[in-house]
Amino acid sequence: MSKIIEGLKYSESHEWVKVEGGVAVVGVTDFAQKEMGDITYVDMPDVDDEVTAGEEFGALESVKAASDLISPVSGKVVEVNEALDDTPELVNEDAFENWIIKVEMSDPSELDALMDAAAYKEHIGE
Amino acid sequence: MSENLNNAELLKTCLYDRHVALQAKMSPFAGFMMPIQYDSITVEHNAVRQKVGMFDVSHMGEIFVEGPEAEKFVNWIFTNEIRGFEPGKVLYGMMCYPEGGVVDDLLVYREFAPEHFLLVVNAANIDKDFAWIEEHAKGFDCVVRNESPVWGQIAVQGPEAEKTVVGVLGLKEAENLGFYTFYDAEYKGKRLIVSRTGYTGEDGFELYTSLEGTVDLWDRLIAAGVQPCGLGCRDTLRFEAGLPLYGDELSPEISPVMAGLGMFCKYEKDFIGKEALLAQKGGEIVRKLVGIEIEDKAIPRAGYPVETPEGEEVGIVTTGYHSISLDKSVCFALVDKAYAALDTPLSIRIRKKVFPGKVVKKRFYQTNYKK
């Protein structure tokens, strides 16, 4: 069983969002990290880059494959988790603790299109 | 092709139930449902580099050629020279199209009976290869048989491979076996071929026997604690050792000369594709396969573009990893031959970013074969 946290928002492409005022903290779910296996590299945008809901903003790489990261919201990147540059395996250790980017949202109503914990649980069939 | 098959149409090796019981991550490969990994790819990779690991390679094809003109025939379809090579020896090479592209890369075993050969071919190519071999065998006094479905195969690989096959399986003669040689034994009343070959860059053995015998060997190795290894680390291991994979580094479009495997083509004899390969060797090739190392942890994957420092696209990645044994991001790439010299600066475009690097030797890892 994959860990799912109540109170977060989830995308179909397995990103989670924690809302902190006007900022969305974005990471990948426990289900996603398990599917990927050992994560060896996290490709992240730079601070001040613009991201768009539904579009790729980076990638997770395992030994075998690269998997695009899809932004659940639109806005400006205000912080990236630099710890992942040197220790990408933190995502495997705790996918919810180790967020990837923080986005200052330009349209918080985009959050309404995301799933809650119960809907996401159903989405991954657990 | 295999991606389009439904699971129901996929073949299973004789060890399929064992993989499922071990909760391996299974995936279609070459028309078979195969184990990708049992543990993590890194754990399995390191087991082979540091101790010993084993692979189910029962999907590989076994084609036998025998008859008064078997040697003459095999030497005609095979790029390497088999005349003068002794019984009990194994030789690597290719079968090529007249245009120089590759039908398949394969191992040829010269059996102990005169004019008997075993050709071990890639699983994805068994039907194509057998049709090619049958077609070209017309006019030669020999018979060809595809026995792939009745042979299982386990590869035991790593610095402790000899200790394992001798100690666990009691294959005492394996001790004296040189690299790229084999001997015949019997197991469960059927033939067992013990071959000192592999696809990992380490010392190791490939054991060919009946389906029942293969399952029995597997169970004994598992009971002895040998790490089962999937196709995931088979690819990372062969890649580091500079070994090509058919479909990525060799194909109907990528000849042995382009792939830098010309040493396995012998031009003092006649074989299918010789004229085209000689012309390529003489300068008529456009692209060559090289190794590239980049200065970042980003991973060059198959299909990513290779660029000059000025941004001109001059090639494409065929296989790439963040190498487990070297902790470096490296790849094989097909590049315009003007950029194939060692130390030539070349960059890889990975998604939106460009990562600088340079041409390096394709053998990224120092292999440890039996002398």
What are the residues in region B:65-91 that are within 16 Å of B:N122 (Cβ to Cβ) and in contact with an Asp or Glu (Cβ under 7 Å, 6 or more places away or on another chain), if any? none
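Return yes or no: is B:I36 in contact with a Lys or Arg (Cβ under 7 Å, 6 or more places away or on another chain) and farther than 26 Å from B:K274 by Cβ?
Details: in contact with a Lys or Arg (Cβ under 7 Å, 6 or more places away or on another chain): yes; farther than 26 Å from B:K274 by Cβ: yes.
Criteria met by B:I36.
Limited to region B:105-137, what total is found for residues that are outside any strand (DSSP E or B) and either modelled with pLDDT under 95 or of a type in the set (V, I, T) (or both)?
Quick first cut of region B:105-137, residues outside any strand (DSSP E or B) only: B:111-115, B:122-137.
Now narrow it down to the ones that are either modelled with pLDDT under 95 or of a type in the set (V, I, T) (or both): B:126, B:133.
Selection size over region B:105-137: 2.
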How many residues, within region B:214-237, are more than 14 Å from chain A (Cβ to nearest Cβ) and within 23 Å of B:D104 (Cβ to Cβ)? 1
B:G303 passes all but one of (1) assigned to a strand (DSSP E or B); (2) without any contact (Cβ under 8 Å) to a residue 40 or more places away in the chain; (3) within 13 Å of another protein chain (Cβ to nearest Cβ); which number fails? (1)
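Free of Cβ contacts under 8 Å to residues at least 60 places away in the same chain and acidic (D, E): is that true of B:E115 in this structure? Walk me through it before giving the result.
Details: free of Cβ contacts under 8 Å to residues at least 60 places away in the same chain: yes; acidic (D, E): yes.
Yes; evaluated as a whole, the condition is true for this residue.
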Within region B:266-298, how many residues are closer than 17 Å to B:K358 by Cβ and touching a residue at least 40 places away in the same chain (Cβ under 8 Å)? 10
Top-ranked residue of region B:14-57 - restricted to ones that are assigned to a loop (DSSP other than H, G, I, E, B) and over 18 Å from B:Q227 (Cβ atoms), ranked as nearest to the other protein chains (Cβ to nearest Cβ): B:A30
Can you find a residue that is in contact with a Gly (Cβ under 6 Å, 6 or more places away or on another chain), in a strand (DSSP E or B), away from every other protein chain (no Cβ under 14 Å) and among the β-branched types (V, I, T) anywhere in region B:276-296? yes
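Mind checking which strands (runs of 3 or more DSSP E) fall wholly inside region A:39-126 and carry at least 2 residues that are crowded, with 19+ Cβ neighbours inside 10 Å and touching a Cys at 6+ places or on another chain (Cβ under 6 Å)?
Numbers: elements: A:39-43, A:56-62, A:66-70, A:75-80, A:101-105.
Filter on region A:39-126 gives an empty set.
What residue, of A:D49, A:D68, is closer than 29 Å to B:G232 by Cα, charged (D, E, K, R) and within 14 Å of chain B (Cβ to nearest Cβ)? I'd like the intermediate steps shown before the answer.
Working: A:D49 fails: closer than 29 Å to B:G232 by Cα.
After ruling out the rest, the residue left standing is A:D68.
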Would a scan of region A:21-36 turn up a residue that is away from chain B (no Cβ under 14 Å), surrounded by fewer than 15 Cβ atoms within 10 Å (Cβ to Cβ) and touching a strand residue (DSSP E or B) at 6+ places or on another chain (Cβ under 8 Å)? yes
Only one of these is closer than 19 Å to B:P98 by Cα and loosely packed, with under 15 Cβ neighbours inside 10 Å: B:E284, B:E310. Name it. B:E284
Filter pass, A:S62 being more than 14 Å from A:V26 (Cα to Cα) and touching an Asp or Glu at 6+ places or on another chain (Cβ under 7 Å): yes
For region B:249-262, indicate whether the set of residues that are buried (at least 18 other Cβ atoms within 10 Å of the Cβ), within 14 Å of chain A (Cβ to nearest Cβ) and either under 16 Å from the mean Cα position of the chain (by Cα) or not polar (S, T, N, Q) (or both) is non-empty. no
Residue that is surrounded by the fewest Cβ atoms within 10 Å (Cβ to Cβ) [pool: residues in region B:111-152 that are of a type in the set (D, E) and closer than 19 Å to B:F29 by Cβ]: B:D127
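The values are calculated or read from the model by the stated rules, or taken from the named source; none is laboratory data. Here the structure is a predicted model, which means the values were calculated and not measured. Cβ atoms come from the backbone with ideal geometry, glycine included; neighbour counts cover every protein chain shown.
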